[in-house]
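Asks: Below you will find the structure I want to go over with you.
The values are calculated or read from the model by the stated rules, or taken from the named source; none is laboratory data. Because the structure is predicted, anything quoted here is derived from the model rather than measured. When we count neighbours, we look across all protein chains shown, and the Cβ atoms used for this are built from the backbone with ideal geometry, even at glycine. Accessible surface areas use protein heavy atoms only, side chains included; no ligands, DNA or RNA. Shrake-Rupley method; radii C 1.70, N 1.55, O 1.52, S 1.80 Å.
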Amino acid sequence: MHLGFAFLLLVLAFLIIQFIKLQRIRKQFPPGPTPLPFIGCLWQPKFFRLSRELLTEVAKSYGNIYTLWFGSLPMVILDGYQAVKDGLTTHPEDVVGRPILHFFKVFANNKGILLATGKTWKNQRRFSLMTLKNLGLGKKGLEYRIQEEAQYLVEMVKETKGKPMSPSYSIALAIANVICAVVFGHRFSTEDKTFHELLEAMECIFTFAGSLLHYIYDIFPWLLSRLPGRHKRVLQARDFVYAFIRKEIQKHLDADVPEDPEDFIDFYLAQIEKTKHLPKAPYDEINMVHSIFDLFLGGTETSSTTLTWALLYMVRYPDIQAKVQQEIDAVIAPGQTIYYDDRKLLPYTNAVIHEIQRFSNIVAVGLPRYCMKDTMIRQFLMKKGTTLFPNMASALYDPKEWEMPLSFHPDHFLDKDGNFTCREAFIPFSLGHRMCLGEHLARTELFLFFSNLLRAFKFHLAEGSKDVTLEPVCGGTLQPHYFEICAIPRQTAL
């Protein structure tokens, strides 16, 4: 009995000492909720799932820059447009790192672009940007590919003959084929079974990212790595995607690299050959596979989810759908090809697309950043190694920046004369040196797919989806709940 009591006293004394140490350490960070030893702020269950609303609520008590502790890891939260902007652009070169959290390490091991940091990230991103430009990013060549896929999608929708359908999968196939054309040099048949399995594997990865289990994995990796569950299936899905990519690379190797590279793999293989004599050459097959994976990850799910939201908003707000169609009919003749430059002649349509991006804010919070050196953000000194968590969605919903932040309101992007205007707080592609490298591709896809679909069809909710909510399903992206629509061909599009 005495031994048991002594042991309890010893444990209590140890916890008290750890608590005092933790309180001393937390003075080096911005203020925030009180953490406890080993579990941080997780003694409050609400912090097991981060959301824009929760982070903004906490900011009301501690200011727009504050600290949350996840286990023993402190994360500095940036909430609201001005805090996000100050954090990511005051000294952008200081905050380009990506913390190698346990799941990130297991998943990518500091390879590729999205989850990499340091020289690996810098080399892969620089090369990928240059290659995308060489492949026609922002030029007519790539725009033609997108127009082609938009027409394939219109034909797929037309085949439903106005019967109820879920649009999400058809959209995902079309968007993925744009990336396939860029990376592999060809598209896949929408009937291709392996192509479908690729999209299902990507969806598995995205639904895990940002989930409760994902956070638990990072906080208690020693426990989760020994248990079965969805986190193991995600790694299997990753391996399937890697195998798919490697098969495409092998096809290119078997055919030899052409003198004039035609796709991302051609350019990367040429770069490997060009730099193979360098010590610690930064370009190799592993980084190529991861970079291609990241292009898929960043270029399929985000655009396809946004377009799915777009159709849901159009059927929920039929007056806005009708106004978009009236504008397109007045400017674009039947049968005439729609170009990205036509957005300048379609201010209302352009405003609606931007409002779709703002209101859906599909990236719930944002990926964390890592301070590569000591840096000042406002009055706070962020030491090298500090992890920043920019709440990107809070900028898109900031009441200081938007008149009706919680409503779908296209007038946010129109001036008093009805001309399109883009606000500074519109940052769906992030800010700073790690902003989305496929931003122009995504903008072009959204405009061409949306305008072609709205010109071709009048959409309305199917009977069974009348009560569908606008609340999202949480995951790596915020997806709409399952819904079905009917697409009625429009006479003006014939």
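Asks: Let's test the formula: R0 of 25 Å, r as the Cβ-Cβ distance of GLN82 and ASP374. What FRET efficiency results, to the nearest 0.05?
Replies: On the way: r = 22 Å, r/R0 = 0.88.
Rounded to the nearest 0.05, the efficiency is 0.70.
Asks: How far, in degrees from 0 to 90, does helix 264-275 lean away from the longest principal axis of the Cα atoms of the chain, to the nearest 10?
Replies: 50 degrees
Asks: Can you give the FRET efficiency to the nearest 0.05 for LEU10 and THR90, using r as the Cβ-Cβ distance and R₀ = 41 Å? The partial results should precede the final answer.
Replies: Details: r = 47 Å, r/R0 = 1.14.
E between LEU10 and THR90, to the nearest 0.05, is 0.30.
Asks: Accessible area per residue of the chain at 1.4 Å probe, in Å²? It would help to have the intermediate numbers written out before the result.
Replies: Values: 22980 Å² over 494 residues.
Per residue, the chain has 47 Å² of solvent-accessible surface.
Asks: Summarise the accessible area of region 386-480 (1.4 Å probe, protein heavy atoms) by the percent that is carbon and sulfur. Present the calculation step by step, with values, prior to reporting the outcome.
Replies: On the way: 2010 of 3850 Å².
Answer for region 386-480: carbon and sulfur cover 52 percent of the accessible area.
Asks: Which of the three applies to region 93-176, rounded, prolate or oblate, going by the alpha-carbon gyration tensor with a ≥ b ≥ c and a/c under 1.5 meaning rounded? Kindly include the intermediate steps, with their values, before the conclusion.
Replies: Details: a/c = 4.42, a/b = 1.81, b/c = 2.44.
Oblate, because a/c is 1.5 or more while a/b does not exceed b/c.
Asks: Which angle from 0 to 90°, rounded to the nearest 10, does the C-alpha axis of helix 318-331 make with the longest principal axis of the chain?
Replies: 50 degrees
Asks: Exactly which trypsin sites (Lys or Arg not before Pro) in region 391-494 are in a DSSP loop and have at most 15 other Cβ atoms within 10 Å? Intermediate results must be reported in sequence, preceding the final value.
Replies: Details: sites: LYS400, LYS416, ARG423, ARG434, ARG443, ARG455, LYS458, LYS466, ARG490; in loops: LYS400, LYS416, ARG423, LYS466, ARG490.
Sparse-neighbourhood loop trypsin sites (Lys or Arg not before Pro): LYS400, LYS416, ARG423, LYS466.
Asks: Fully extended, how many nm does the chain gain between SER61 and LYS105 (0.36 nm per residue separation, minus their Cα-Cα distance)? Intermediate results must be reported in sequence, preceding the final value.
Replies: Values: separation 44, 0.36 × 44 = 15.84 nm, distance 3.36 nm.
The SER61-LYS105 span can extend by a further 12.5 nm.
Asks: Could you pull out the pairs from LYS193/LYS466; LYS21/LYS373; LYS344/LYS400; LYS122/LYS276; LYS46/LYS85; LYS232/LYS280 whose alpha carbons sit more than 21 Å apart here? List each step's numbers first, then the result.
Replies: Working: LYS193/LYS466 32 Å; LYS21/LYS373 24 Å; LYS344/LYS400 28 Å; LYS122/LYS276 18 Å; LYS46/LYS85 26 Å; LYS232/LYS280 32 Å.
Checking Cα-Cα distances, LYS193/LYS466; LYS21/LYS373; LYS344/LYS400; LYS46/LYS85; LYS232/LYS280 exceed 21 Å.
Asks: Given a Förster radius of 56 Å and the C-beta distance between ILE17 and LYS247 as r, what FRET efficiency does 1/(1 + (r/R0)^6) yield to the nearest 0.05?
Replies: The formula returns an efficiency of 0.50 here.
Asks: List the GluC sites (Glu not before Pro) within region 408-494 that fall in a DSSP loop (any state other than H, G, I, E or B) and whose Cβ has at most 14 other Cβ atoms within 10 Å.
Replies: For GluC sites (Glu not before Pro) across region 408-494 that sit outside H, G, I, E and B with at most 14 neighbouring Cβ atoms in 10 Å, the list reads GLU424.
Asks: Specify the angular offset, from 0 to 90 degrees and rounded to the nearest 10, of the alpha carbon long axis of helix 285-299 from the longest principal axis of the alpha carbons in the chain.
Replies: The answer is roughly 70 degrees.
Asks: Simple spin-label model, 7 Å along Cα-to-Cβ: GLU273 to MET130 in nm?
Replies: Going from the GLU273 label point to the MET130 one covers 1.6 nm.
Asks: Ignoring ligands, DNA and RNA, please state the percent of accessible area on region 1-120 from carbon and sulfur, probe 1.4 Å. Working shown, then result.
Replies: On the way: 4150 of 6190 Å².
Exposed carbon and sulfur together represent 67 percent of the surface.
Asks: Which ³J(HN,Hα) values in Hz, rounded to whole numbers, follow from the phi angles of region 199-211 under the Karplus curve 6.51 cos²θ - 1.76 cosθ + 1.60, where θ = phi - 60° and Gly and Pro get x?
Replies: 5, 5, 5, 5, 5, 4, 5, 5, 5, 6, 4, x, 7
Asks: Pick out, from ILE249, LEU278, GLN236, the residue whose Cα sits farthest towards the positive end of the charge dipole of region 218-281, with +1 on the Cβ of Lys and Arg and -1 on the Cβ of Asp and Glu.
Replies: GLN236
Asks: To the nearest 500 deg cm²/dmol, what mean residue ellipticity at 222 nm is calculated for the chain from DSSP H runs of n ≥ 4 alone, each contributing -39,500 (n - 2.57), summed and divided by the residues?
Replies: Working: 18 runs with 252 residues, N = 494.
About -16500 deg cm²/dmol.
Asks: Counting other Cβ atoms within 10 Å, which chymotrypsin sites (Phe, Trp or Tyr not before Pro) in region 103-195 have at most 14 and lie in a DSSP loop? Intermediate results must be reported in sequence, preceding the final value.
Replies: Working: sites: PHE103, PHE104, PHE107, TRP121, PHE127, TYR144, TYR152, TYR169, PHE184, PHE188, PHE195; in loops: PHE184, PHE188.
Filter output for region 103-195: empty list.
Asks: Please give the length that would be gained between ASP254 and GLU439 if that part of the chain were fully extended, namely 0.36 nm times their separation in residues minus their C-alpha to C-alpha distance (nm, one decimal).
Replies: Values: separation 185, 0.36 × 185 = 66.60 nm, distance 3.27 nm.
Length difference between fully extended and current span is 63.3 nm.
Asks: With a 1.4 Å probe and every protein chain kept in, tell me what percent of the accessible surface of region 180-309 is carbon plus sulfur. Working shown, then result.
Replies: Values: 3460 of 6140 Å².
That fraction is 56 percent.
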